[in-house]
Amino acid sequence: MKMEMERQIRIPNRNPTVFVFLLLLVNCQLCSVVSWKKEEFRNCNQTPFCKRARGRKPSSSSFAAHDVSISDGDLTARLVPSDETLEDQDQIKQLILTLSVYQDGILRLRIDEDPKLDPPKKRFEVPDVVMPEFLSKKLWLQRLSTETIGGDASPSSIVYLLDGYEAVLRHDPFEVYVRKKGGNRVVSMNSHGLFDFEQLRVKKDGEDWEERFKGHTDTRPFGPQSISFDVSFYDADHVYGIPERATSFALKPTRGPGVEVSEPYRLFNLDVFEYLHDSPFGLYGSIPLMISHGKSRGTSGFFWLNAAEMQIDVLGTGWDAESGISLPTSQSRIDTHWMSEAGIVDAFFFVGPGPKDVVRQYTSVTGTPAMPQLFAVAYHQCRWNYRDEEDVEQVDSKFDEHDIPYDVLWLDIEHTDGKRYLTWDRMLFPHPEEMQRKLAAKGRHMVTIVDPHIKRDDSYFLHKEATEKQYYVRDATGKDYDGWCWSGSSSYLDMLRPDIRSWWAEKFSYENYVGSTPSLYIWNDMNEPSVFNGPEVTMPRDALHVEGVEHRELHNAYGYYFHMATADGLVKRGDGRDRPFVLSRAVFAGSQRHGAIWTGDNSADWDHLRVSVPMVLTLGITGISFSGADVGGFFGNPEPELLVRWYQLGAYYPFFRAHAHHDTKRREPWLFGEKNTERIREAIHTRYMLLPYFYTLFREANTTGVPVIRPLWMEFPSEEATFSNDEAFMIGSSLLVQGIYTERARHASVYLPGKELWYDTKTGVTYKGGKTYKLDVNEESIPAFQRAGTIIPRKDRFRRSSTQMVNDPYTLVIALNSSQAAEGELYVDDGRSFGFQEGAYIHRRFVFSDGKLTSLNMAPVAPGQNQFSSECVIERIILQGLSTGHKGALIEPANQKAEIELGPLLLHSKKGPTAITIRKPNVRVADDWENTISV
């Protein structure tokens, strides 16, 4: 790797001093690449704003609400310092508060400096995250009412939020909360008086605002500007969310009695090599959304739209025992403490009351997940790096030789000309278009990597043009920022500017990206952004963006804007016809609109296999449905058993990709012996068999925000046994999957919720819900169960790729409940274009009841709408839980008879279990029909 790094940055040999400096830099970065070094990153005590905020005591907030009124449909007020004895009144001035109400019970709270008081600069507000459609759903408040709460000296102001809910602004002490009308609280802010708002100031003589860490100096020209406050969730048993980190799904307390590790959850996008599992340390993405859930009340949420570094404490019971605060409620609650380095308060309260309600409310603000192309939902094969065109061709042919389907082959950084992105190494890849066309002939696609660091080389067309147009982020002195990454000396585009994002999008045209074809898609890595020689391996906080915005203010959104611009480029490339596919490592609120996310540089060990589930679950409930972990682990060499188990679990990730570091041994599925090849093939076949179900769930996510992969409590919200279970998960509402996370496992403990039966998907054996089972397991598969009362669509014929399966027939698997009933859905479109947005799709609802299966149209029919048709038919209907003795089935309106027999539960199983099967009903999926079973 050392030689590789030296080649990448082209160390000069004419200047000995420069050579020694760069060699030291290389060695330093080699250490970073090899493993995560805790000391390279700041903890809370080394982060002044976090240390200050944590040092504040409850009830230290000094603001009260004055001049409360209704203006332009909002509740507005001045927040005035209530402590007139403060020594420096210049540091604490009045703030402006605005409360807005939106449809579906969403409350928005904004607090900012008063522009009339002429602050040194405008504080940053994150643009292009909140959906324009959401803003049009504002409810214009007409009036407010007042109520004196508890022993307050002044009344509180109350406004309508939703039928049965209202928002309350408590004047003194200042507090905002949502409650059921006249009753219990749901979510509150500043109930413990921890609100603090450090206001921008002009530096006085003798003041030292600089911060230093590991040889780096942050000039902080506007001084401390952090914001902190407490948020409480009432009648909550657990809180979840605020990705990204490798830890349990239910967030553990970080402060309070009995808490051993007292570090808050950090939200600061960083390039973290070989990250640790079970750590509150932040990774590549930041979504400041927390969701609470409890048996008695249900679900609520709180989202702070802020792109600066954030630290969040979950406060354990008894943390405030000495505060003397007596809240005007006896409700149980979970308290949290939110701290950010900069920005404004722009917060959203979500009342729920169900888990899916909160996700729907949040995605109405930030957008629902993009509808992916069908190929993207299938299996992806990746490695750093496939060496050359011959290597690509050999890997592709080996998949066919071993009868293993795949859809996408990926190329990492070594495919480029010296790490100049949007180029090809013409020695290794002399004919990129032909290479892509060969894959496309089999229905396959290619993805190439495009990172945000642009090599500072005057002969490189991207750098030359960006320099001339002054498109780069600048350093604190006003010069183009120069940092180090894979390409050596590099600069970074100011993606905050819409015109630069448009310019970047144009670079993905076939004319600009020479060698690209319509079957080529993009991977954005290192977009936190990663800077090898920067503070904490990222860009300095005092780097400058457009209009003097400091990087500290937008850091967590940098990768989001890069992801957005790249996705827009692929849309433009296809003249707006084809959906883009762009994978990003960095993530922020709204990233779901632009593509997929993966969990970064994990390791080939059992702990990382285990933690991948809560990581993907957390991303799902915070809007990011299309996510997954590197199957097999990026670093290290997995033992065959671990690799097989990872494929078996990864086949159920929304994003299913195997990936590996270039220092690892090759690990394509056929390299571990015939038996393991068979097991991996079976896992991948499982994914392809379930593609119709997954694609239907992606459409549900696209329309409602509800994730593809779900925690058990999202489907069973009143079952306490599910609240902290993050070893099992739901795929939609119909499938439950339990991973195997230990080597040589012979048993698995599986909790099956609900009162109905569960059907083992491999054997058809039934288990009653509401119990924990100790099940025998083997190396052939992991436990998966279909919920009674559901219908799952499958495609049972295996091809080379998903594209080649398009015209294949469907199988419906019906799992009957105790009422001998079941229902399910199927969504079909062309798998690639935006025609579905104009109504060009098929959406069917299947209902089985009283011995009759009915297919109902769920797609709206409107004159002039685009239509999509399919000649695909249903060739098998499997009925689990139906008593034997049925003679046949009558299909209407065709008045056609179909046979009933015992058929295989899995079509390709050599000696597997059987189930009652209606053979060859051959009804079109696009049609209305009824299938009645005769006795």
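Restricting attention to region 818-843 and to residues that are under 34 Å from the mean Cα position of the chain (by Cα) and among the polar types (S, T, N, Q), the residue that is nearest to Leu690 (Cα to Cα) turns out to be Ser833.
Whether any residue in region 294-308 is surrounded by fewer than 20 Cβ atoms within 10 Å (Cβ to Cβ), more than 23 Å from the chain's Cα centre (by Cα) and under 30 Å from Gly164 (Cα atoms) is what I want to check. I'd like the intermediate steps shown before the answer.
Residues of region 294-308 that are surrounded by fewer than 20 Cβ atoms within 10 Å (Cβ to Cβ), as a first pass: 295-296.
From the residues that got through so far, the ones that are more than 23 Å from the chain's Cα centre (by Cα) too are 295-296.
Applying the additional criterion that residues be under 30 Å from Gly164 (Cα atoms) yields 295-296.
Checked region 294-308: at least one residue is surrounded by fewer than 20 Cβ atoms within 10 Å (Cβ to Cβ), more than 23 Å from the chain's Cα centre (by Cα) and under 30 Å from Gly164 (Cα atoms).
Within region 306-319, not a single residue is under 27 Å from Gln46 (Cβ atoms) and of a type in the set (Ser, Thr, Tyr).
Determine if region 318-332 includes at least one residue that is under 27 Å from Val365 (Cα atoms), open to solvent by 10 Å² or more (accessible area, probe 1.4 Å) and touching a residue at least 40 places away in the same chain (Cβ under 8 Å).
Quick first cut of region 318-332, residues under 27 Å from Val365 (Cα atoms) only: none.
There is no residue in region 318-332 that is under 27 Å from Val365 (Cα atoms), open to solvent by 10 Å² or more (accessible area, probe 1.4 Å) and touching a residue at least 40 places away in the same chain (Cβ under 8 Å).
Taking the residues in region 169-192 that are open to solvent by less than 20 Å² (accessible area, probe 1.4 Å) and more than 32 Å from the chain's Cα centre (by Cα) as candidates, determine which candidate is farthest from Thr76 (Cα to Cα). So that I can check it myself, show each step before the final result.
At the first step, the residues of region 169-192 found to be open to solvent by less than 20 Å² (accessible area, probe 1.4 Å) are 169, 174-179, 185-192.
Pick out the ones that are also more than 32 Å from the chain's Cα centre (by Cα) and you get 169, 174.
On the way: Leu169: 10, Phe174: 13 Å.
Applying the filter and picking the extreme gives Phe174.
Within region 246-285, the set of residues being outside any loop (DSSP other than H, G, I, E, B) and either of a type in the set (Lys, Arg) or over 23 Å from Glu727 (Cα atoms) (or both) comprises Arg255, Arg266, Leu267.
Say whether the condition of being open to solvent by 30 Å² or more (accessible area, probe 1.4 Å) and under 25 Å from Lys675 (Cβ atoms) is met by at least one residue in region 750-760. No, there is no match, as no residue in region 750-760 is open to solvent by 30 Å² or more (accessible area, probe 1.4 Å) and under 25 Å from Lys675 (Cβ atoms).
On inspection, Leu194 fails the criterion of being under 15 Å from Ala64 (Cβ atoms) and either assigned to a strand (DSSP E or B) or modelled with pLDDT of 95 or more (or both).
Any idea which of Leu643, Leu649, Leu671, Leu697 is under 27 Å from Arg797 (Cα atoms), outside any helix (DSSP H, G or I) and at pLDDT 95 or above? Explain how you work it out, then say what you get.
Details: Leu643 fails: outside any helix (DSSP H, G or I); Leu649 fails: outside any helix (DSSP H, G or I); Leu697 fails: outside any helix (DSSP H, G or I).
Every option except Leu671 fails the conditions.
Restricting attention to region 633-644 and to residues that are in contact with a Lys or Arg (Cβ under 9 Å, 6 or more places away or on another chain) and buried (at least 24 other Cβ atoms within 10 Å of the Cβ), the residue that is farthest from Gly600 (Cα to Cα) turns out to be Val644. Residues that are within 28 Å of Phe213 (Cα to Cα), more than 23 Å from the chain's Cα centre (by Cα) and among the polar types (S, T, N, Q) do occur in region 533-543.
Of all residues in region 457-479 being within 32 Å of the chain's Cα centre (by Cα) and not acidic (Asp, Glu), which is most open to solvent (accessible area, probe 1.4 Å)?
Residues of region 457-479 that are within 32 Å of the chain's Cα centre (by Cα), as a first pass: 462-463, 466, 471-475.
Going one step further and asking which of them are not acidic (Asp, Glu), we end up with 462-463, 466, 471-474.
Numbers: Leu462: 2, His463: 7, Ala466: 0, Tyr471: 26, Tyr472: 7, Val473: 0, Arg474: 79 Å².
Top of the filtered list is Arg474.
The set of residues in region 155-176 that are in contact (Cβ under 8 Å) with a residue 60 or more places away in the chain and within 17 Å of Ser69 (Cα to Cα) comprises Ser157, Val159, Leu161, Ala167, Leu169, Arg170, His171, Asp172, Phe174, Val176.
If we keep just the residues of region 480-535 that are part of a loop (DSSP other than H, G, I, E, B), within 27 Å of Arg832 (Cα to Cα) and of a type in the set (Val, Ile, Thr), which is most open to solvent (accessible area, probe 1.4 Å)?
From region 480-535, those part of a loop (DSSP other than H, G, I, E, B) are 481-482, 486-487, 494-497, 507-519, 525-534; that's our starting set.
Checking which are within 27 Å of Arg832 (Cα to Cα) leaves us with 507-519, 525, 527.
So of that shortlist, the ones also of a type in the set (Val, Ile, Thr) come out as 514, 517.
On the way: Val514: 78, Thr517: 12 Å².
Result: Val514.
Selection of region 194-215 for residues being within 26 Å of Glu536 (Cα to Cα) and open to solvent by 60 Å² or more (accessible area, probe 1.4 Å) yields Asp208, Glu210, Arg212, Lys214, Gly215. Does region 844-859 hold any residues that are within 19 Å of Tyr695 (Cα to Cα) and surrounded by fewer than 16 Cβ atoms within 10 Å (Cβ to Cβ), and which are they? Within region 844-859, Arg845, Leu856, Asn857, Met858 meet the criteria. Among the residues making up region 895-926, those that are surrounded by 14 or more Cβ atoms within 10 Å (Cβ to Cβ) and in a loop (DSSP other than H, G, I, E, B) are Leu905, Leu906, Leu907, Gly912, Pro913, Val925, Ala926.
For region 825-843, the tally of residues that are over 25 Å from Gly574 (Cβ atoms) and open to solvent by 10 Å² or more (accessible area, probe 1.4 Å) stands at 1. Give region 774-796 a look and list any residue that's free of Cβ contacts under 8 Å to residues at least 40 places away in the same chain and open to solvent by 40 Å² or more (accessible area, probe 1.4 Å), or say none. Once the filter is applied, which keeps residues that are free of Cβ contacts under 8 Å to residues at least 40 places away in the same chain and open to solvent by 40 Å² or more (accessible area, probe 1.4 Å), region 774-796 yields Lys774, Asp776, Asn778. Scan region 218-229 and tell me whether some residue there is farther than 23 Å from Ile344 by Cβ and either open to solvent by less than 10 Å² (accessible area, probe 1.4 Å) or assigned to a strand (DSSP E or B) (or both). Within region 218-229 (the criterion being farther than 23 Å from Ile344 by Cβ and either open to solvent by less than 10 Å² (accessible area, probe 1.4 Å) or assigned to a strand (DSSP E or B) (or both)), the answer is no, since none of the residues qualifies. Determine whether Asn817 is modelled with pLDDT of 95 or more, touching a Cys at 6+ places or on another chain (Cβ under 7 Å) and either surrounded by fewer than 20 Cβ atoms within 10 Å (Cβ to Cβ) or assigned to a strand (DSSP E or B) (or both). Judged against the criteria, Asn817 is not a match.
Any residue that is touching a residue at least 60 places away in the same chain (Cβ under 8 Å), over 24 Å from Val392 (Cα atoms) and touching an Asp or Glu at 6+ places or on another chain (Cβ under 6 Å) - is there at least one of those in region 432-449?
Step one: list which residues in region 432-449 are touching a residue at least 60 places away in the same chain (Cβ under 8 Å), which gives 432-433, 436-437, 439-440, 442-449.
Narrowing the set further to residues that are over 24 Å from Val392 (Cα atoms) leaves none.
No, because not a single residue in region 432-449 is touching a residue at least 60 places away in the same chain (Cβ under 8 Å), over 24 Å from Val392 (Cα atoms) and touching an Asp or Glu at 6+ places or on another chain (Cβ under 6 Å).
Conditions tested, residue by residue: (1) surrounded by fewer than 16 Cβ atoms within 10 Å (Cβ to Cβ); (2) of a type in the set (A, V, I, L, M, F, W, C).
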| site | (1), (2) |
| --- | --- |
| Pro58 | no, no |
| Ile70 | no, yes |
| Arg110 | no, no |
| Phe134 | no, yes |
| Lys137 | yes, no |
| Leu141 | no, yes |
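Of the set (1) touching a residue at least 12 places away in the same chain (Cβ under 8 Å); (2) over 25 Å from Ile106 (Cβ atoms); (3) open to solvent by 40 Å² or more (accessible area, probe 1.4 Å), all apply to Arg266 but (3). Of all residues in region 358-393, those satisfying the criterion of being open to solvent by 10 Å² or more (accessible area, probe 1.4 Å), of a type outside the set (Asp, Glu) and part of a helix (DSSP H, G or I) are Arg360, Ser364, Leu374.
Scanning region 394-434 for residues that are open to solvent by less than 10 Å² (accessible area, probe 1.4 Å) and assigned to a strand (DSSP E or B), we see that the one that is farthest from Trp486 (Cα to Cα) is Val408.
Tell me yes or no: at least one residue of region 873-886 is over 25 Å from Ser818 (Cβ atoms), open to solvent by less than 60 Å² (accessible area, probe 1.4 Å) and not aliphatic (A, V, I, L, M). Spell out how you get there, then give the answer.
The initial filter retains those residues of region 873-886 that are over 25 Å from Ser818 (Cβ atoms), namely 873-875.
Now restrict to residues that are open to solvent by less than 60 Å² (accessible area, probe 1.4 Å): 873-875.
Those still in the list that are not aliphatic (A, V, I, L, M) too: 875.
Yes; the residues of region 873-886 include at least one that is over 25 Å from Ser818 (Cβ atoms), open to solvent by less than 60 Å² (accessible area, probe 1.4 Å) and not aliphatic (A, V, I, L, M).
Screening Leu439 on (1) more than 22 Å from Arg681 (Cα to Cα); (2) outside any loop (DSSP other than H, G, I, E, B) shows it passes everything except condition (1). One residue stands out in region 355-370 among those that are touching a helix residue (DSSP H, G or I) at 6+ places or on another chain (Cβ under 7 Å) and polar (S, T, N, Q): the one that is nearest to Lys138 (Cα to Cα), namely Ser364.
The values are calculated or read from the model by the stated rules, or taken from the named source; none is laboratory data. No experiment lies behind these values; they were computed from the predicted model shown. Using ideal geometry, Cβ is built from the backbone for each residue, glycine included, and neighbour counts are taken over all protein chains shown. Areas reflect the complete protein model, heavy atoms only, side chains present, ligands, DNA and RNA absent. Shrake-Rupley method; radii C 1.70, N 1.55, O 1.52, S 1.80 Å.
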